[in-house]
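Accompanying notes for the structure given below.
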Amino acid sequence: MAGGHGSAGGLRWLLTYADLITLLLAFFIIMYAGSKADLERFTKLAISLRQGFGISVLPSSGGQGILPGEGGGALPFQSLPQRSKDFLAISQALAERSRATGTHPFVAVNMRREGIAITLSASLLFPSGGVELSPESLPMLDEIARIIAPMPNPIRVEAHTDDLPTNNPLYPTNWELSAARAAGVVRYLIEKGHIQPERLVAVGRAEYAPLFPNDSREHRAQNRRADIVILYPPDDYLIDGLNLPGEGPAANANLHHGGQP
């Protein structure tokens, strides 16, 4: 009889194929979202994948694999590039800390071509026009120091302002203000976080690397920030040839809207 294998038997391979495609789709969604997700979007993605596919994208406490989902699915954590492993671990740790301290709207973690950027709003870090670290920012800085202290990577701290004048004779331009703020974060990471000084560099960017045009109070608030960038070798990309974002409006959409320089 024609079609002797039977239509049902002949199509059984589609079940395995569909499962494989579903897992691959979930994996590439993780990689795409991970390249530019802030903490809130990352967490929502993790929850959605657990509920929809039984897959968790958060590393286990031992760092040896992905936590199994309710359906038993898992993605191989150890097969990911080191930068991707670090991104997932840092995102999870800072998401937990930011919720515990109520600083979630002020923190974002993003992937750049040069490494992993932890972005903190100036509204959290500094008083208006000042350079002294606010007490509210210290628990988050302590957590960041705990994470990056054992890592071998060099660290670059960049401070950014908006385009408004400083109105502070001690810092007559935003160059001086941003440089002093970056140096303040570096000093804290050295003195309190016990990061080796030779791993750190402080960079003042003033108003010349904005996330948004400085055309509104909301945009200026998002432009005032500090980036703690964990640097990786230039050939250690998430996916070879992938055009990872640097900075942009979507990269730090989780930062608080408001406050002064």
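FYI, it's all coordinate maths here, none of it is from the lab. Computed from a predicted model, the values in this text were never measured in an experiment. Cβ coordinates were reconstructed from backbone atoms using ideal geometry, including for glycine residues, and neighbour counts include every protein chain displayed.
For the stretch 101-194, what ratio Rg/Rh do Cα atoms give with a Kirkwood hydrodynamic radius?
Radius of gyration over Kirkwood radius for the stretch 101-194 works out to 0.96.
Sequence-distant or interchain residues sharing an amide H contact under 5 Å with Ile195, placed H: which?
Amide H neighbours of Ile195: Ile190.
Please list, in order along the stretch 125-133, the HN-Hα scalar couplings obtained from phi with the Karplus expression 6.51 cos²θ - 1.76 cosθ + 1.60 (θ = phi - 60°), rounded to whole Hz, x for Gly and Pro.
Working through the residues one at a time gives 7, 9, x, 4, x, x, 10, 7, 5 Hz.
Spelling out what I want: for every residue of the stretch 137-142, take phi, set θ = phi - 60°, compute 6.51 cos²θ - 1.76 cosθ + 1.60 (Karplus), and round to whole Hz; glycine and proline get x.
These are the phi-based 3J(HN,Hα) values: 7, 5, x, 5, 5, 4 Hz.
Once you list every other residue whose beta carbon is under 13 Å from the beta carbon of Asp163, what net charge do they have if Lys and Arg are +1 and Asp and Glu are -1?
Its environment carries a net charge of +1.
Starting from the amide H of Leu200, placed 1.01 Å from N in the peptide plane, find each other amide H under 5 Å away whose residue is 5 or more places distant or on another chain.
Excluding prolines and chain starts, which carry no amide H, the hits are Ile155.
If each residue of separation counts as 0.36 nm, what is the full-extension length gain between Val201 and Ser216 once their alpha-carbon separation is subtracted?
Here the answer is 2.3 nm.
With a sphere of radius 13 Å drawn around the Cβ of Glu176, what net charge do the other residues whose Cβ falls strictly inside it have (Lys, Arg +1; Asp, Glu -1)?
So the environment of Glu176 carries a net charge of +1.
Which whole-Hz couplings ³J(HN,Hα) result when phi for each residue of the stretch 81-96 is put into the Karplus expression 6.51 cos²θ - 1.76 cosθ + 1.60, θ = phi - 60°, listed in order with x for Gly and Pro?
With the stated coefficients, the stretch 81-96 comes to x, 4, 4, 5, 4, 5, 4, 5, 5, 5, 4, 5, 5, 6, 4, 5 Hz.
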